[in-house]
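Comments concern the structure below.
Nothing in this text is a laboratory measurement; each read-out follows from the coordinates by a stated rule. These numbers come from a predicted model, not from an experiment. No Cβ is skipped: glycine too gets one built from the backbone with ideal geometry, and neighbour counts run over all protein chains shown.
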Amino acid sequence: MADYKPHSKFSSPFFQVFTPLLVFFIHLSLFADESKLNVKQNKILKDTFSYLETIEPKRIKIDKSTYNRHSQFESFFKFPFSGKKLSRWIQTRIKKYSFGSTGDYVAMYQEGEVLLGRGFFSLNRLDRVLVLLHEARHADGKNYRHVVCPDDFPYLNTRDWKIHPAGKKGCDSVPDGGYGITASFIFELGAYGYLNQTEAAYRYNSEISRVIRD
Ligand SMILES: [Zn+2]
């Protein structure tokens, strides 16, 4: 804006230089070396939501008593299983995406913003949905912060065996945290035939292994 108040101290040359720098450094402290998503990355993100929105419940492919025993989606999300509703659920929680280095993680959530690492963009569309769903749960506050996985945590990281969850903040102590809700989503994918039972069970078990009881 060109229309400064003539006597505002913020119009002094010092503040004109300093304020943008300050804003820059405050931003830096949230996520180091982040940048906006490029066109290709934006398209991958958009495709992820488009894919999710094609998933709707049709006919249940497993027996009803098994479904009733394990289905937790509706009790966690407070709406019946629906990819479109889930897409909205994510989008009300994550307001901004950026790209940058995420260390041992594929993505990181902070204050309404998700930082996506390089690895995110080479995942398949289902894994990208799982990552976004997981990160969106972090928007719901400190109840959903991770706890430290036990030192003797025996399970492998499904994406990268060099990452050892034992002793790291990569577990949940609540059933409906980031890992519990992704498990509940995967269960529905198996129940409605979007994944075969072997793949659904492997994926479900992988997520649920991170839900530990104190
Ligand atoms: Zn998390």
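As a length-normalised measure over Cα pairs under 8 Å and 6 or more apart, the relative contact order of segment 32-208 settles at 21 percent. Within segment 72-175, the GluC sites (Glu not before Pro) that combine a DSSP coil assignment with at most 12 other C-beta atoms in a 10 angstrom radius are GLU111. Listed by Cβ neighbour count within 10 Å, with the fewest neighbours leading, VAL39, VAL129, VAL148 appear as VAL39, VAL148, VAL129. With 31 Å as the cut-off, how large is the P(r) tail for segment 32-208, expressed as percent of Cα-Cα pairs? So the pairs more than 31 Å apart make up 13 percent of the total in segment 32-208.
Listed by Cβ neighbour count within 10 Å, with the fewest neighbours leading, PHE81, PHE187, PHE76 appear as PHE76, PHE81, PHE187. By other beta-carbon atoms within 10 Å, ranking SER98, SER35, SER87 with the fewest at the front produces SER35, SER98, SER87. Among the aspartates and glutamates, select those whose C-alpha is under 15 Å from the C-alpha of LYS36, and discard any that sit fewer than 8 residues away in the same chain. Cα-Cα hits under 15 Å: GLU113.
Pull up the DSSP beta bridges for segment 32-208 and report the antiparallel fraction as a percent, rounded to 5. Antiparallel: roughly 60 percent of the beta bridges in segment 32-208.
Phi angles across segment 129-140 convert, under the Karplus curve 6.51 cos²θ - 1.76 cosθ + 1.60 with θ = phi - 60°, into 3J(HN,Hα) values of 4, 4, 5, 5, 4, 4, 5, 4, 4, 5, 5, 7 Hz, Gly and Pro given as x. Length gained on full extension, LYS40 to GLN72, computed as 0.36 nm times the residue gap minus the Cα-Cα distance: 8.0 nm. Any idea how far the Cα center of segment 46-87 sits from the one of segment 126-175, in Å? Rounded to whole Å, the Cα centres lie 21 Å apart. Which of the trypsin sites (Lys or Arg not before Pro) found in segment 25-104 are in a DSSP loop and have at most 15 neighbouring Cβ atoms, other than their own, within 10 Å? Here the trypsin sites (Lys or Arg not before Pro) that fit, given the DSSP loop and packing criteria, are LYS36, LYS58, ARG59, LYS61, LYS78, LYS95. Might you report the magnitude of the Cβ-based charge dipole of segment 32-208 about its Cα centre, with Lys and Arg at +1 and Asp and Glu at -1, to the nearest 20 debye? Dipole size: approximately 600 debye.
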